[in-house]
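Notes for the one structure printed next.
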Amino acid sequence: MEKTAAIREIDATLRGRGFIYTGPGSTDYDGVIKVHGKPIGVSVSIPDVRFVSKPRVFLKVRSEIPLATLAHIETDQGICYASGAGLPLDLYHPGEGILRVLEEVQRTLEISYKGRGSAEIVDEYQQYWSSKFALQVMLPRDGGLTTVDGYTFFAGLNDEAQFKCLSRTVQLAGYRTFFPEEARVRFYLNKLGPGGGVRAPNSLLDLKRWIEGQDEPLVSWPVALAEICEGKSLFFAAPNAFLGVRLSMPTDIASGIKNGSIRLASLPKIFANRLDKVTVERYTGTWAGLDHVTRRNLTEGRSMRNISISLIGAGTIGGYLARFLVQSGAGHDGHLAVFDNQLLSEGNIGRHLLGFEHLGKPKALSVKSELERFHPQVNVRAYVEDAIDRWDIVRNCDIIIDATGEWNVQAALNDLFLSTDHVRPSALLHSWIFMNGAGVQSFLNLRDGKACFRCLKPRIEGPWRYPAGNEHDELNLQPASCGDGSFVPFSVDAPVMAASLATRAVLDWESGKAGPRLRTAVVDLERGRFQKPVSPTRVSDCPACRKVPVSR
């Protein structure tokens with residue numbers, strides 16, 4: 001809708017509800033909404049009639065709302081009437097959109113009247129803490145811990161600080177660290193909220209009242225006072241908030257400590273009679289550890305955090321696959337080992353995870369660097385040797401993933417996997433692009449009597465049992481150009497789809513529900529051929545597994 005017409009419709013709608021135009025903006029109005037029948041004055045401001053920026057609604061008189069702990073208190077943007085998912089509004093019917101906003105504001109305020117105000121302020125308590133700094137918390141969020149000692153520090157690139165961090169150590173891979181300070185973190189099962197009449201402490205006296213006013217004992221005040229006087233930042237980690245405080249040392253006390261006339265151990269006694277005069281700084285924390293940022297995306301508790309993976313091939317498939325594996329928890333607790341003995345060339349970067357800055361560098365080392373850039377806590381080991389030659393290292397894992405897409409490597413790994421008697425690994429997953437990008441496939445071998453990789457194509461000159469494309473299509477058979485070495489033409493979506501297919505196969509296997517062993521996705525709808533997910537049976541003329549007992 002044209003802007004002038006939208007403004008006219010909004011004006012007519014609000015005037016029809018008894019609102020009056022106040023300005024100074026073209027869509028600023030005052031009016032009344034009913035909250036459980038009681039009239040409440042509000043101001044409405046609509047900065048964008050397309051609703052990209054949401055309308056803002058403010059209380060005219062805060063005292064009209066009787067709750068002392070009113071949830072959804074006003075911020076600079078007004079009453080928080082929309083959830084994190086937002087509130088869809090129809091830009092083609094702006095009048096109806098404004099009415100919907102007023103309905104949501106009414107519903108929000110009525111929740112507080114029903115006695116949910118205190119509960120909601122607890123649920124959203126962290127935003128009421130009004131912290132000086134927001135820290136990236138690199139600690140595990142769960143694990144049965146009650147108290148953890150660590151450090152706060154600034155992390156930066158070169159000499160420029162990027163963010164403030166809380167971690168068990170001062171080291172953070174890929175970053176320089178500055179100004180470390182000791183910290184103590186306590187974990188709690190119950191939610192935190194206002195305590196002792198204090199919503200957010202400004203002084204030591206406020207902090208004492210806040211700590212002692214919580215439903216669950218946080219820590220005894222003498223202990224907390226001693227720790228904060230030692231220079232420690234104190235943090236409280238609860239299901240609804242991660243909060244912290246630090247002492248703002250009075251100037252005269254700081255001078256006395258510096259010249260040696262005051263000992264840190266004497267501070268609790270010195271501050272005992274001036275708790276209301278000594279201020280504290282407030283912090284909030286955001287969970288940013290590798291475990292948290294990966295597990296929050298996975299359903300049913302699936303995660304690769306506890307498994308060790310050997311990924312062979314850091315090329316077009318392997319680069320993206322390495323990233324997907326790490327984003328699914330690989331490299332946390334367990335390790336991710338990446339094998340590739342090739343260098344990144346100019347011809348690679350058009351469809352590779354890596355870019356120009358890595359040209360001429362070993363793919364394995366560059367992928368490791370890229371994964372550590374994604375998250376400094378990831379545990380990645382890079383090997384620039386031939387994986388077949390280092391089978392002793394490759395097999396020291398829970399699952400081997402072959403992302404080379406090269407027949408000779410696939411066949412050799414299949415043979416080694418079938419012939420090894422070592423208890424590890426228990427699975428071998430192959431991922432490849434079929435016939436110049438017609439489709440992609442993944443195949444999981446668990447050495448449980450079902451087909452092996454070679455069973456999919458028992459005779460090297462024969463057809464695939466489950467082809468992902470027409471093997472007689474002219475483009476599918478197009479060879480590499482003379483000047484391009486082993487290059488074959490396919491677009492960047494093919495390796496990404498192959499990596500996605502393999503990631504899902506690993507997640508299913510890790511959850512104990514491996515599902516169909518052979519999975520196919522069509523990339524090119526004209527050349528590709530869909531195959532229903534299947535667990536192929538062994539074939540009698542397979543040269544790789546015919547000598548392996550079925551019971552193995």
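When the stretch 220-264 is filtered for residues that are among the small types (Gly, Ala, Ser) and touching a residue at least 12 places away in the same chain (Cβ under 8 Å), the ones remaining, listed by number, are Ala224, Ala226, Gly231, Ser233, Ala237, Ala238, Ala241, Gly244, Ser248.
Here the condition is being modelled with pLDDT under 90 and of a type outside the set (Phe, Trp, Tyr); of Ile309, Ile317, Ile253, it holds for Ile253 alone. Within the stretch 515-534, restricting attention to residues that are surrounded by fewer than 18 Cβ atoms within 10 Å (Cβ to Cβ) and in contact with a strand residue (DSSP E or B) (Cβ under 7 Å, 6 or more places away or on another chain), the residue that is modelled with the lowest pLDDT is Phe530.
When Leu344, Leu418, Leu336, Leu359 are checked against the criterion of being under 24 Å from Leu518 (Cα atoms), aliphatic (A, V, I, L, M) and more than 27 Å from the chain's Cα centre (by Cα), a single residue qualifies: Leu418. Of the residues making up the stretch 407-431, those that are within 18 Å of Ala314 (Cβ to Cβ) and touching a residue at least 40 places away in the same chain (Cβ under 8 Å) are Val409, Gln410, Leu413, Leu429, Ser431. The listed residues are Arg199, Arg184, and the only one of them that is within 19 Å of Tyr125 (Cβ to Cβ) and among the basic types (Lys, Arg) turns out to be Arg199.
Scanning the stretch 233-248 for residues that are in contact with an Asp or Glu (Cβ under 9 Å, 6 or more places away or on another chain) and surrounded by fewer than 21 Cβ atoms within 10 Å (Cβ to Cβ) yields Asn240, Arg246, Ser248. What's the number of the only condition in (1) in contact with a Lys or Arg (Cβ under 9 Å, 6 or more places away or on another chain); (2) without any contact (Cβ under 8 Å) to a residue 24 or more places away in the chain; (3) under 28 Å from Arg381 (Cα atoms) that Gly195 fails to meet? Condition (3) is where Gly195 drops out. Residue pairs whose Cβ atoms lie under 9 Å apart, separated by 6 or more positions or on different chains, with the first residue in the stretch 530-545 and outside the structural domain of Arg517 (by TED's automatic domain parsing) and more than 10 Å from Arg465 (Cβ to Cβ) and the second among the β-branched types (Val, Ile, Thr) and modelled with pLDDT of 90 or more, are Phe530/Thr520; Phe530/Val522; Lys532/Thr520; Pro533/Thr520; Cys545/Val539. Within the stretch 106-128, the set of residues being surrounded by 19 or more Cβ atoms within 10 Å (Cβ to Cβ), under 14 Å from Ala241 (Cα atoms) and either in contact with a Ser or Thr (Cβ under 6 Å, 6 or more places away or on another chain) or at pLDDT 80 or above (or both) comprises Ile121, Tyr125.
Please find, within the stretch 11-37, the residue that is nearest to the chain's Cα centre (by Cα) out of those that are among the polar types (S, T, N, Q) and not in a helix (DSSP H, G or I). Result: Thr27.
Considering only residues that are in contact with a strand residue (DSSP E or B) (Cβ under 7 Å, 6 or more places away or on another chain) and closer than 22 Å to Val148 by Cβ, which ones fall in the stretch 185-200?
The initial filter retains those residues of the stretch 185-200 that are in contact with a strand residue (DSSP E or B) (Cβ under 7 Å, 6 or more places away or on another chain), namely 185-188, 190-192, 200.
Hits for the stretch 185-200 are Val185, Arg186, Phe187, Tyr188, Asn190, Lys191, Leu192.
I'd like the full set of residues that are assigned to a strand (DSSP E or B) and of a type outside the set (A, V, I, L, M), limited to the stretch 179-198. If you could, list the steps in order and put the result at the bottom.
Applying the first criterion (assigned to a strand (DSSP E or B)) to the stretch 179-198 yields 179-187, 195, 198.
Across the stretch 179-198, the qualifying residues are Phe179, Pro180, Glu181, Glu182, Arg184, Arg186, Phe187, Gly195.
Restricted to helices (runs of 4 or more DSSP H) entirely inside the stretch 203-268, those with at least 1 residues that are within 18 Å of Thr284 (Cα to Cα) are 204-212, 221-229. Among the residues making up the stretch 408-432, a single one is under 18 Å from Thr520 (Cβ atoms) and either modelled with pLDDT under 95 or outside any strand (DSSP E or B) (or both): Gln410.
For the residues Pro222, Pro217, the requirement of being under 32 Å from the mean Cα position of the chain (by Cα) and of a type outside the set (A, V, I, L, M, F, W, C) singles out Pro217. Between Leu343, Leu354, Leu321, the distinction of being outside the structural domain of Val170 (by TED's automatic domain parsing) and more than 16 Å from Val492 (Cβ to Cβ) belongs to Leu343 only. Exactly one residue among Asp386, Asp291 is of a type outside the set (Val, Ile, Thr) and at pLDDT 90 or above, and that residue is Asp386.
Within the stretch 151-187, track down each residue that is of a type outside the set (A, V, I, L, M, F, W, C) and either touching an Asp or Glu at 6+ places or on another chain (Cβ under 8 Å) or not assigned by TED's automatic domain parsing to the domain that holds Cys229 (or both).
Tyr151, Thr152, Arg168, Gly174, Arg176, Glu182, Arg184 - these are the residues of the stretch 151-187 that are of a type outside the set (A, V, I, L, M, F, W, C) and either touching an Asp or Glu at 6+ places or on another chain (Cβ under 8 Å) or not assigned by TED's automatic domain parsing to the domain that holds Cys229 (or both).
As a summary of the residue check, Ala505 satisfies the conditions (1) at pLDDT below 95; (2) within 25 Å of Thr537 (Cβ to Cβ) except for the one numbered (1).
Only one entry in Asn379, Asn396, Asn341, Asn408 is out of contact with any helix residue (DSSP H, G or I) (no Cβ under 7 Å at 6 or more places or on another chain), polar (S, T, N, Q) and either closer than 26 Å to Val293 by Cβ or surrounded by 23 or more Cβ atoms within 10 Å (Cβ to Cβ) (or both), namely Asn379.
The values are calculated or read from the model by the stated rules, or taken from the named source; none is laboratory data. Quick caveat: nothing in here was measured; it's all calculated off a predicted structure. FYI the Cβ positions are ideal-geometry reconstructions off the backbone, even for glycines, and counts take in every protein chain you see.
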